[in-house]
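If you scroll down you'll find the structure; I have some questions about it.
The values are calculated or read from the model by the stated rules, or taken from the named source; none is laboratory data. Nothing here was measured: the structure is a model prediction, and the numbers come from that model. Neighbour counts are summed over all protein chains in view; Cβ atoms, including those assigned to glycine, are modelled from backbone coordinates with ideal geometry. Keep in mind that these areas ignore ligands, DNA and RNA; they rest on the heavy atoms of the full protein, side chains included. Shrake-Rupley method; radii C 1.70, N 1.55, O 1.52, S 1.80 Å.
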Amino acid sequence: MRAPARRDRMTIINCDMGESFGLYRMGDDAALMPHISVANVACGFHASDFNHMRATCQLAKTHGVKVGAHPSLPDLQGFGRREMKIGRDELTNCIIYQVGALQGFLKAEGMEMSHIKPHGALYGMAARDEAVAHAVCDAAEIFGLPLMGMINSCHERIYTARGIPFIAEFYADLDYGDDGLVIITREHPELDPAAAAAVCVRAVTEGLTTTISGRDIPVRADAICVHSDTPNAAAIAAAVNDAVTPWLDAA
């Protein structure tokens with residue numbers, strides 16, 4: 001094993017979860033929790049409801065997992081993966097509403113919120129559109145929380161310009177385009193856990209990943225994300241955690 005690249009940040013394994021709704025079940029949160037350190041919890045607009053939000057916070061507390069808010073566009077039917085045209089003030093209010101709801105459940109469990117990470121189409125829009133990124137910042141400033149996002153995008157440029165702590169994210173289970181942004185799909189296919197882990201190790205040690213056209217692009221992995229709705233998400237999270245941890249221990 002070659003010596004790992006020197007890093008000045010610790011990578012965390014995070015998962016978008018708590019995405020069931022009513023009697024409908026999405027993802028195996030109980031199987032995922034032992035393999036992650038941070039949960040991005042759905043806040044009711046793309047998935048989840050008051051009972052699932054509370055239960056997800058309780059599950060995270062049991063496993064010592066930190067919780068961040070995962071707010072979405074108001075698109076429950078489309079799982080928050082369809083873009084909408086919403087003005088800055090209205091979008092800020094939409095995010096405040098969701099983060100505030102999750103904050104209440106965390107307070108009930110004696111927990112603190114760790115960060116905010118927009119979901120799905122909102123995440124993608126904030127990466128490209130300065131007005132959307134500013135709306136996300138407007139909400140984050142109210143709660144005094146860091147934001148997760150992608151380097152070389154409006155996430156990094158706007159969030160850091162506004163003085164908001166920025167957590168650079170890499171995706172274990174999504175493809176990257178040549179523009180450096182993830183390709184957001186309505187559904188996530190099952191992946192080979194070993195292959196996903198190898199991609200993440202490269203992101204951590206070399207700061208690179210390969211796009212769908214075969215180009216190498218720079219990435220940064222302060223956080224590595226696994227989606228709970230990927231069919232074999234728990235196996236992917238376990239493989240990524242096992243593969244990445246030795247490099248972090250050696251760094």
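Of all residues in the range 125-142, which are crowded, with 16+ Cβ neighbours inside 10 Å and not aliphatic (A, V, I, L, M)?
If the condition is that a residue be crowded, with 16+ Cβ neighbours inside 10 Å and not aliphatic (A, V, I, L, M), then H134, C137, D138 are the ones that fit.
For (1) buried (at least 18 other Cβ atoms within 10 Å of the Cβ); (2) in a loop (DSSP other than H, G, I, E, B), each residue gets a yes or a no:
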residue: V41; (1), (2): yes, no
residue: A47; (1), (2): yes, yes
residue: L59; (1), (2): yes, no
residue: T62; (1), (2): no, no
residue: A69; (1), (2): yes, no
residue: L76; (1), (2): no, yes
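Mind telling me which of the residues G64, G78, G44, G68 ends up being touching a His at 6+ places or on another chain (Cβ under 6 Å) and within 27 Å of A31 (Cα to Cα)?
Working: G64 fails: touching a His at 6+ places or on another chain (Cβ under 6 Å); G78 fails: touching a His at 6+ places or on another chain (Cβ under 6 Å); G44 fails: touching a His at 6+ places or on another chain (Cβ under 6 Å).
Sole residue among the options that is touching a His at 6+ places or on another chain (Cβ under 6 Å) and within 27 Å of A31 (Cα to Cα): G68.
Sticking with this structure for a sec: Go through (1) touching a helix residue (DSSP H, G or I) at 6+ places or on another chain (Cβ under 6 Å); (2) of a type outside the set (K, R); (3) within 30 Å of V201 (Cα to Cα) and name the single condition V38 misses.
(1)
Conditions first: (1) open to solvent by less than 20 Å² (accessible area, probe 1.4 Å); (2) on the phi > 0 side of the Ramachandran plot. L122 passes all but one, so which condition is the exception?
So L122 meets the others, but not (2).
Is at least one residue of the range 183-198 over 18 Å from the mean Cα position of the chain (by Cα), within 29 Å of H52 (Cβ to Cβ) and open to solvent by 60 Å² or more (accessible area, probe 1.4 Å)?
yes
Any residue in the range 17-31 that is modelled with pLDDT of 95 or more, open to solvent by 50 Å² or more (accessible area, probe 1.4 Å) and either part of a helix (DSSP H, G or I) or more than 24 Å from E190 (Cβ to Cβ) (or both)?
There is at least one residue in the range 17-31 that is modelled with pLDDT of 95 or more, open to solvent by 50 Å² or more (accessible area, probe 1.4 Å) and either part of a helix (DSSP H, G or I) or more than 24 Å from E190 (Cβ to Cβ) (or both).
Please go through the range 199-228 and pick out each residue that is open to solvent by 30 Å² or more (accessible area, probe 1.4 Å), acidic (D, E) and touching a residue at least 40 places away in the same chain (Cβ under 8 Å).
E206
Quickly run through the range 158-175 and pick out the residues that are crowded, with 22+ Cβ neighbours inside 10 Å and over 19 Å from H134 (Cα atoms).
Of everything in the range 158-175, those that are crowded, with 22+ Cβ neighbours inside 10 Å and over 19 Å from H134 (Cα atoms) turn out to be F170, Y171, A172, D173.
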